[in-house]
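J.: Below: one structure in structure tokens.
Bear in mind these aren't lab numbers, they're just calculated from the coordinates by the rules spelled out. Small disclaimer: the values here were computed from a predicted structure and weren't measured. No Cβ is skipped: glycine too gets one built from the backbone with ideal geometry, and neighbour counts run over all protein chains shown.
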Amino acid sequence: MSNDNIKISSENNLRESIFKIEKNSKVLEKSLIKLLNIEQEDLEKIIYFLYQSVYSNNLLFELNLNMEEKERVISIARIIQYFLDLKLRWPATISSADNAVKYAKNYCAIDRETFIAIYLDIHHKVLSTSIISYGTIDYAYVNVKVIFSYALKYEASKIILIHNHPSGDPTPSPEDITFTEKINSLAKELGILLLDHIIIANTYFSFKSEGLL
């Protein structure tokens, strides 16, 4: 690849990043206007206030708004802070089956199979977690296209698949094994690494730990 091609590729990536930022900013502006019922002229100072409050983890009260508007904005900042703090309680990276089970256990329904996909970057940092499907007590239909559509959406380098067995027995069924082999093969074609498929029950079964991946 020539230097000119590299330069063009970098410029295109920069344009795409700027477009994403601008698009997200417009969504944020529209949402705040709708939620707070404020004028366009107040947007900049409110966005700045939220940014400062959230990233300093300290509420700032220097807003030139009436009391009702100020209370709504402060409530939004507190909600954002709460969920950011909640996220920090989970591991930023998943580097073992134990980490994955701890992370995913709360996603699983008690009385039916739940199929979950965790999407990670090259450093094992969690990009997103998606519940792919809910099933019955002993079966869950999983759409393979959905798994990989999210992987491409989040530009994931690695995936961990997890589902539970409400019966309490984590032993994989023949269907579980065949399905895992199929996903692993498709992931390789897309340049994505299937790190593990874990079955959670009274204990857990890791396909990677058992040498099946």
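J.: Projected onto the charge dipole of the stretch 67-213 (+1 at Lys/Arg Cβ, -1 at Asp/Glu Cβ, origin at the Cα centre), which of L152, I110, T171 gives the Cα projection farthest towards the positive end?
T.: Going by the Cα projections, it comes out as L152.
J.: Which residue, S128, A140, I198, has the largest displacement toward the positive end of the dipole of the stretch 97-206 when charges sit on each Cβ (Lys, Arg +1; Asp, Glu -1)?
T.: It is S128, whose Cα lies furthest towards the positive end.
J.: Add +1 for every Lys or Arg and -1 for every Asp or Glu among the other residues with Cβ under 13 Å from the Cβ of E175, and state the total.
T.: Working: positive: K182; negative: E113, D138, D176, E181.
Net charge in that neighbourhood comes out at -3.
J.: Through the Karplus equation 6.51 cos²θ - 1.76 cosθ + 1.60, θ set to phi - 60°, convert the phi angles of the stretch 155-172 into ³J(HN,Hα) values in whole Hz; use x for Gly and Pro.
T.: 6, 6, 8, 9, 9, 10, 9, 9, 9, 10, 10, x, 5, x, 9, x, 4, x
J.: Residue by residue through the stretch 175-186, which ³J(HN,Hα) values in whole Hz follow from phi under the Karplus form 6.51 cos²θ - 1.76 cosθ + 1.60 (θ = phi - 60°), with glycine and proline marked x?
T.: Whole-Hz 3J(HN,Hα) from phi for the stretch 175-186: 5, 4, 5, 4, 4, 5, 4, 5, 5, 4, 5, 5.
J.: Dividing the convex hull volume of the alpha carbon atoms of the stretch 97-206 by its residue count, what do you get in Å³ per residue?
T.: 84
J.: Using a basic spin-label model with each label point 7 Å from the Cα along Cα→Cβ, how many nm lie between I137 and I80?
T.: 4.6
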